[in-house]
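Everything on this sheet refers to the single structure shown next.
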Amino acid sequence: MTYEAITVETNAQGTKGVTLLTINRPKALNALNSTVLAELIDAFAAYQADDSQLCAILTGSGEKAFAAGADIKEMSDKAAADFYLDDFFSPWTSEIVKKTRKPWIAAVNGFALGGGCELAMMADFIIASDNAKFGQPEIKLGVAPGMGGSQRLTRAIGKSKSMEMCLTGRMMSAEEAERSNLIVRSVPQADLIADALKTAATIASMPPMATIANKEMVNSAFEMTLDQGLIVERRIFQILTASEDKKEGMEAFIEKREGQWKGR
Ligand code: DAK
C-alpha cells in the first residue's frame, strides 16, 4: 500500500528491528482523518507481520503536534447514524491495539489532544518532548472522549485528575504528565526521536517471543483479577522455559556473551 498521510521507515535511521511510523499532516496538526486511520491500520499490520522488526515508534511530523485529535472538519458534517453505522473509530481497538502483539512506543512531539491523546495512550508507553501537551478537550465540542480516553486516562492518572481534565478540557504539560505517570519521561524536543530509537533498539535486541510474552503479561493486569493475572503470568513463564531462547539466554549468561535469539 502506498501511503499518503503517514510515512513508514523500517530499521529506522539504521536502527535494526525498529519501525518508525510518522503521521504526516503537519498543516492540520496531524489530525486523524479516515486516511490516517486506514493507513495506520495497514502499517501496524505490516509491522506485526514483519519478523525482522520487534519495536515500533509512532510520532507526528513537525514540531507542533503528535495529533491534535480526530479531524473535526471531517467529523463536523457526519450524522449520528454515520458514526454508529461505521462503528466510528472502533477499528483502532480491534485492529491495532489487540492485533499488534509486538511493542510500540508513542513519541509525543507536541499536542496530543482528544483522539491524539487516546492514540498515544494505546501505545505500550509514551515518551514525550518537553513541549508536549495532553488533553481530552472533546467536551468543548459538545461531545466526549470516544476512543478510550475516559477509560485509559483514568487508569493511567487516577479518577480525580482524569475527571478534571475531561470536565474542563484543560491541557496537561509534559512535566505534569510525567509526574502523573501518563508518560515514562519527557526529553528536549530535539532529542525525542533519538531517545525513542535508543529505547526501541534495546527492546528490539531482546528475545522476540519473551518480548511478546512480557507485553501480554503486563496488559493482563488491566483485564483480570490479581489471581487470574498471576495464573496467566505463571503459565506464560512456564511456556517460555521450553523455548530455545531460554536455553540460549541462560547459556549466554553463564558463558559471559550476548545471546543469539531464534525467536522460538
Ligand atoms: N481537526 C482538524 N483540523 C485541525 C485540528 C483537528 N482536530 N486541530 C487543528 N487543526 C487545524 C486547524 O484548523 C488549522 O487549520 P487551518 O485553519 O490552518 O486550515 C491548523 O490545524 C492549525 O491549527 P491552529 O491554527 O488552531 O493552531 P493553534 O496553534 O492556534 O492551536 C490547538 C493549536 C491544538 C490548540 C488548536 O488547533 C485546537 O484546539 N485544535 C483542536 C483540538 C481538539 O479539540 N481536539 C479534539 C478533537 S475531537 C469517536 C471517537 C473519537 C473521537 C470522535 C468520535 N467516536 C467513537 C464516535 C475523537 C474526537 C476528537 O479527537
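The values are calculated or read from the model by the stated rules, or taken from the named source; none is laboratory data. These numbers were taken from a predicted model, which means no experiment stands behind them. Cβ coordinates were reconstructed from backbone atoms using ideal geometry, including for glycine residues, and neighbour counts include every protein chain displayed. Ligands, DNA and RNA are stripped out before the accessible areas are found, and what is left, the full protein with its side chains, is counted by its heavy atoms. Shrake-Rupley method; radii C 1.70, N 1.55, O 1.52, S 1.80 Å.
Give Lys159, Lys140 a once-over and let me know the one that is free of Cβ contacts under 8 Å to residues at least 24 places away in the same chain, open to solvent by 60 Å² or more (accessible area, probe 1.4 Å) and of a type in the set (Lys, Arg). Walk me through how you get there before you give the answer.
Details: Lys140 fails: free of Cβ contacts under 8 Å to residues at least 24 places away in the same chain.
Matching residue, one of Lys159, Lys140: Lys159.
Checking Glu176 against (1) part of a helix (DSSP H, G or I); (2) within 18 Å of Phe134 (Cα to Cα); (3) touching a helix residue (DSSP H, G or I) at 6+ places or on another chain (Cβ under 8 Å): exactly one of these is not met. Which one?
(3) is the only condition that Glu176 fails.
Could you list, in sequence order, all residues of the range 19-47 that are within 14 Å of the ligand (Cβ to nearest atom) and β-branched (Val, Ile, Thr)?
Residues satisfying the conditions are Ile23, Thr35, Val36.
Which residues, counting only those in the range 2-20, are under 15 Å from Ile105 (Cβ atoms), open to solvent by 10 Å² or more (accessible area, probe 1.4 Å) and assigned to a helix (DSSP H, G or I)?
Listed by number, the list holds a single entry, Gln13.
Are there any pairs with C-beta distances below 8 angstrom linking a residue in the range 162-186 that is in contact (Cβ under 8 Å) with a residue 40 or more places away in the chain and within 16 Å of the ligand (Cβ to nearest atom) to a residue that is open to solvent by 70 Å² or more (accessible area, probe 1.4 Å) and assigned to a loop (DSSP other than H, G, I, E, B), with the two at least 6 apart or on different chains, and if so which?
Every condition considered, the pairs that remain are Ala174/Asp130.
Select, from Ile239, Ile203, the only residue that is assigned to a helix (DSSP H, G or I) and either among the hydroxyl-bearing types (Ser, Thr, Tyr) or under 16 Å from the mean Cα position of the chain (by Cα) (or both).
After applying the criteria, what remains is Ile203.
Residue check: is Gly114 at positive phi and open to solvent by 40 Å² or more (accessible area, probe 1.4 Å)? Lay out the reasoning, then the answer.
On the way: at positive phi: yes; open to solvent by 40 Å² or more (accessible area, probe 1.4 Å): no.
For Gly114, the condition - at positive phi and open to solvent by 40 Å² or more (accessible area, probe 1.4 Å) - is not met.
All but one of (1) open to solvent by less than 10 Å² (accessible area, probe 1.4 Å); (2) touching a Cys at 6+ places or on another chain (Cβ under 9 Å) hold for Ile127; which doesn't?
With (1) open to solvent by less than 10 Å² (accessible area, probe 1.4 Å); (2) touching a Cys at 6+ places or on another chain (Cβ under 9 Å) applied to Ile127, the lone miss is (2).
Please determine whether any residue of the range 217-227 is among the hydroxyl-bearing types (Ser, Thr, Tyr), open to solvent by 70 Å² or more (accessible area, probe 1.4 Å) and outside any helix (DSSP H, G or I). Outline the logic, then answer.
Within the range 217-227, the first condition is being among the hydroxyl-bearing types (Ser, Thr, Tyr), and the residues that meet it are 220, 225.
Next, only the ones that are open to solvent by 70 Å² or more (accessible area, probe 1.4 Å) stay: 225.
Imposing the further condition that a residue be outside any helix (DSSP H, G or I) reduces the set to 225.
Yes, because at least one residue in the range 217-227 is among the hydroxyl-bearing types (Ser, Thr, Tyr), open to solvent by 70 Å² or more (accessible area, probe 1.4 Å) and outside any helix (DSSP H, G or I).
To keep it simple, each residue is scored yes or no on (1) over 14 Å from the mean Cα position of the chain (by Cα); (2) within 29 Å of Ile139 (Cβ to Cβ); (3) open to solvent by 60 Å² or more (accessible area, probe 1.4 Å); (4) among the polar types (S, T, N, Q).
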| residue | (1), (2), (3), (4) |
| --- | --- |
| Leu32 | yes, yes, no, no |
| Val36 | yes, yes, no, no |
| Ile57 | no, no, no, no |
| Ser61 | yes, yes, no, yes |
| Phe66 | no, yes, no, no |
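Sort out which residues of the range 89-129 are in a strand (DSSP E or B) and within 12 Å of the ligand (Cβ to nearest atom), and write them in order of number. Even if it seems obvious, please write down each step before you answer.
From the range 89-129, those in a strand (DSSP E or B) are 104-108, 111-113, 125-129; that's our starting set.
Those that are in a strand (DSSP E or B) and within 12 Å of the ligand (Cβ to nearest atom): Phe111, Ala112, Leu113.
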